[in-house]
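Peer 1: Here it is, the structure in full.
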Amino acid sequence: MQPVRLSEVDPETLKRIKQRASGEFGKVSEQARAIMQEVRQRGDSALRDFTARFDGVQLETLEVTKEEIEEGLREASSELIEAFTFAIANIRKFHRTHVKAEEEHVETVPGVEVWRVWRAIEKVGLYVPGGRAPLPSSLLMTAIPAEIAGCDEIIVCTPPNKEGKIHYSILAAVAVLNLPNLRLFKVGGAQAIAAMAYGTESIPKTYKIFGAGNPYVTAAKVLAFSEGEVSIDMPAGPSEVLIIADASANPAYVAADFLSQAEHADDSSAVLLTTSPKLALAVAAEVRRQLPLLTTADRASNSLEQYGMIGIVETIEQAIEFSNDYAPEHLEVCTENVDEVLPRLRNAGTIFVGNFTPEPSGDYVSGLNHVLPTGANTKMFGPLSVESFGKKMQMQRMTSEGLANLRKAAEVMAAAEGLPAHGRAINIRFEDEQH
């Protein structure tokens, strides 16, 4: 790919770059809806049919057994198990800072005490991609905050291979996590989302669904939410990165980070914006050099062709403006004046600061969560967190004195709204005092 000046990119190309794979969402919605209706009507039978059609295997049972999990653990190397253990410790360390079980009690007026308490969502569904690239890290990023939140049931769906097995790395991650309330099922795609949204004979209905996936998975999540069947974490689809860099950036590092997102899938996206034409040319040369070294070169090339760009901007301010509109899942900032840039960045899932903070570190082991909004949805959604797996309930307690202090204002407002029973529910408590 060749660098281009951002000001010279034609409007249609720029629109395609900014929309990235989210522009394909509408094309798959009706197919996702049809799959979901089949699952809703036929349950496990539909799940088996779709698994045979899309994954190429006929399954007798959908739930993964303890024996299969133990087999996956045996296949995993000691180095992988150590890596999981290291990552789990860091993820838990960060996520345990998220929630206070009970907040400070506030006395709004004398005798009126209000506060909030934490309650976990009892049943949650986690989607773990397992097709071209099985992602055990996605299991860690969703199961650990669910564990910390205190969810009673954790239902995990991930697609099987043509032998009807789950990738050993995902099985090993389940084993190392060792959560007694986690159940794993061999179901992928929109049909997995439908199963967790509606429930089937084998897979329990959940109250909220988490995790990223392909456009069919994202479409199914949005459809299930729109039907009022289940809540969802966020629209989280194909991976993406935007890199803002100046002449101080290392072109080999930038190219490597660029390709680390492009290799996810054909519909991933990677964009570099730089004030340095020299850096742009050097990064393009590095991409050409590094790309053939990857076993994932084909899909990296496809994603760069569709949604990739190395753009030259006149000023860092122009890059910031583009970034705030693009609203990336991952945003890397490699500039000399990084502390001046950061306060002006408004929309991103995670920001990676400086030349030695590569995006993949956040994917795996730094402790931050890698389940992030995509397709410009960081304008209104934040990263997955422990808070995502529960909710705050409001509490209040009043003495008779406290209610008396609120009485007049509440009665006046009830009368203004034409709701006399509201006012009476308050003043009836003072009738004995009037006789």
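Peer 1: Percent relative contact order of region 200-346, based on C-alpha pairs within less than 8 angstrom and at least six residues apart?
Peer 2: Numbers: 233 pairs, mean separation 37.4, N = 147.
Rounded, it is 25 percent for region 200-346.
Peer 1: Further question: Projecting each Cα onto the charge dipole of region 152-249 (Lys/Arg +1, Asp/Glu -1 at the beta carbon, about the Cα centre), which of A173, F225, I193 comes out farthest on the positive side?
Peer 2: The listed residue farthest towards the positive side: A173.
Peer 1: Once each part is reduced to its C-alpha centroid, what is the distance from region 199-228 to region 19-69 in angstrom?
Peer 2: Here the two parts' Cα centres lie 11 Å apart.
Peer 1: Can you give the relative contact order of region 77-156 as a percent, counting alpha carbon pairs under 8 Å and 6+ residues apart? Show your work: numbers first, answer last.
Peer 2: Working: 76 pairs, mean separation 24.0, N = 80.
Once divided by the residue count of region 77-156, the mean separation gives 30 percent.
Peer 1: Let me ask another. Roughly what angle does helix 44-55 make with the longest principal axis of the chain, taking Cα atoms, 0 to 90 degrees, to the nearest 10?
Peer 2: On a 0 to 90 degree scale, this one is about 20.
Peer 1: Work out how much length V114 to Q41 would gain on full extension: take 0.36 nm times their residue separation and subtract the Cα-Cα distance, in nm to one decimal.
Peer 2: Details: separation 73, 0.36 × 73 = 26.28 nm, distance 4.51 nm.
Extending this stretch completely gives an extra 21.8 nm.
Peer 1: Work out from phi, with θ = phi - 60° and the Karplus expression 6.51 cos²θ - 1.76 cosθ + 1.60, the ³J(HN,Hα) of each residue of region 316-330, listed in order in whole Hz, and give x for Gly and Pro.
Peer 2: 3J(HN,Hα) across region 316-330, in whole Hz: 4, 4, 5, 5, 5, 4, 4, 4, 5, 7, 5, 6, x, 5, 10.
Peer 1: I need to check one value: relative contact order of the chain, counting alpha carbon pairs closer than 8 Å and at least 6 residues apart, in percent. Intermediate values should be presented prior to the final figure.
Peer 2: Numbers: 867 pairs, mean separation 91.1, N = 435.
Reported relative contact order: 21 percent.
Peer 1: Right, something else. Based on the Cα atoms of region 195-262, what semi-axes does the equivalent ellipsoid have, where each is the square root of 5 times one gyration tensor eigenvalue, given in whole Å with the largest first? Working shown, then result.
Peer 2: Values: eigenvalues 288, 26, 14 Å².
After scaling each eigenvalue by five and taking roots: 38, 11, 8 Å.
Peer 1: Report, ordered by chain and residue number, the lysines lying within cross-link reach of K123, taken as a straight Cα distance under 30 Å and ignoring same-chain residues fewer than 8 apart.
Peer 2: In chain and number order, the partners are K66, K93, K100, K162, K165, K186, K205, K208, K221, K379, K391, K392.
Peer 1: Choose one answer from G367, G125, G211: the residue with the largest mean-square fluctuation in a GNM of the chain with alpha-carbon springs under 10 Å.
Peer 2: G367
Peer 1: If you don't mind, another one. With P(r) over Cα pairs in 10 Å bins from 0, in percent defined as stated, name the option among (1) 5, 24, 33, 24, 11, 3, 0, 0; (2) 4, 20, 30, 26, 13, 5, 1, 0; (3) 4, 19, 26, 22, 15, 8, 4, 1, 0, 0 computed from the structure displayed.
Peer 2: Among (1) 5, 24, 33, 24, 11, 3, 0, 0; (2) 4, 20, 30, 26, 13, 5, 1, 0; (3) 4, 19, 26, 22, 15, 8, 4, 1, 0, 0, the one derived from this structure is (3).
Peer 1: Oh, and also: Could you work out which residue, out of T51, T399, T357, moves most in a Gaussian network model of the chain, that is, has the largest mean-square fluctuation with Cα springs under 10 Å?
Peer 2: T399
Peer 1: Taking all protein chains as present, what is the carbon and sulfur share of the accessible area of the chain, in % to the nearest whole number, probe 1.4 Å? Display every interim value, and only then the final one.
Peer 2: Numbers: 10760 of 20550 Å².
In the chain, the share of accessible area belonging to carbon and sulfur is 52 percent.
Peer 1: What whole-number value in Å² describes the accessible area per residue of the chain for a 1.4 Å probe?
Peer 2: Details: 20550 Å² over 435 residues.
Roughly 47 Å² per residue, with all protein chains present.
Peer 1: Here is a follow-up. When the helix-only estimate is applied to the chain (DSSP H runs of n ≥ 4, each -39,500 (n - 2.57), divided by the residue count), what is the mean residue ellipticity at 222 nm, nearest 500 deg cm²/dmol? Could you put the intermediate results ahead of the total?
Peer 2: Working: 18 runs with 200 residues, N = 435.
Computed mean residue ellipticity for the chain: -14000 deg cm²/dmol.
Peer 1: Could you pull out every residue, at least 5 positions away or on a different chain, whose amide H is within less than 5 Å of the one on G308? Hs are placed 1.01 Å off N in the peptide plane, and Pro or chain starts have none.
Peer 2: A270
Peer 1: Can you tell me the order of 99-106, 313-320, 248-255 when each peptide is scored by its average per-residue count of other Cβ atoms within 10 angstrom, highest first?
Peer 2: Numbers: 99-106: 11.6, 313-320: 17.1, 248-255: 19.9.
Order by mean packing, descending: 248-255, 313-320, 99-106.
Peer 1: Please list, ordered by chain and number, the residues whose modelled amide H lies under 5 Å from the amide H of K208; skip anything fewer than 5 residues away on the same chain.
Peer 2: Placed amide hydrogens put G125, S231 under 5 Å from K208.
Peer 1: Now for a different question. With labels modelled as points extended 7 Å from the Cα through the Cβ direction, what inter-label distance (nm, one decimal) is found for E401 paired with K93?
Peer 2: 4.9
The values are calculated or read from the model by the stated rules, or taken from the named source; none is laboratory data. Predicted model, so just to flag it, every value in this text is computed and none were measured. Backbone-built Cβ (ideal geometry, glycine too); neighbour counts: all protein chains shown. Surface accessibility is based on the protein's heavy atoms, side chains included, excluding ligands, DNA and RNA. Shrake-Rupley method; radii C 1.70, N 1.55, O 1.52, S 1.80 Å.
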